[in-house]
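**Q** Before I ask anything, here is the structure I am working with.
Read the figures in this text as sums done on the coordinates, not as results from a lab. Computed from a predicted model, the values in this text were never measured in an experiment. Every residue, glycine as well, gets a Cβ built from its backbone with ideal geometry; the counts of neighbours run over all protein chains shown.
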Amino acid sequence: MSVKHNSEIKIKVGLDEAKVPVQIDWEASDNPNGEGAKECKAFLLSIFDKETKDTMKIDIWTTEMQINEMDRFFFQTLRAMADTYYKATQNQKLASQMQRFVQFFGEETEILPKSGKEEA
């Protein structure tokens, strides 16, 4: 396949004197709303290298990120990863196991109400 269109995503991280992230702005060239840069508190980026087959990652959050926000961020990210894994592999068994962990994570962090099931 040949590239027919390019899209650019920019992430700008503002650091304090100690080089600790205090502001994160991102924007995408294909934003349908035509909005400029948007501020966020955290991002996770994983990139799978075509040649080495290794995953490189960048995890950054600002000093403003609260623990309850990090819990929600991870809950939503884990849920999306389980969905993406299923869409990419059609492996229902493993995707379901991942979703079980997401449910557990959500309950333990009190993002979701406890299901009432007792662990054996």
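**Q** Looking only at trypsin sites (Lys or Arg not before Pro) in DSSP loops with at most 16 other Cβ atoms within 10 Å, what is the longest site-free stretch of the chain?
**A** Within the chain, the longest run free of exposed trypsin sites (Lys or Arg not before Pro) spans 54-113.
**Q** A further question on this structure: Principal axes first, then extents: for the Cα atoms of region 7-64, list largest minus smallest coordinate on each axis, whole Å, largest first.
**A** 35, 35, 15
**Q** Please state the charge dipole magnitude for the chain, taken about the Cα centre, from unit charges on C-beta atoms (+1 on K and R, -1 on D and E), reported in debye and rounded to the nearest 20.
**A** 560
**Q** Find, among the GluC sites (Glu not before Pro) in region 24-120, those assigned to loop by DSSP (not H, G, I, E, B) with at most 11 other beta-carbon atoms within 10 angstrom.
**A** Within region 24-120, the qualifying GluC sites (Glu not before Pro) (loop, at most 11 other Cβ atoms within 10 Å) are Glu35, Glu51, Glu110, Glu118, Glu119.
**Q** Computed from the mean reciprocal separation of all distinct C-alpha pairs, what Kirkwood hydrodynamic radius does the chain have, in Å?
**A** Kirkwood radius, the chain: 17.4 Å.
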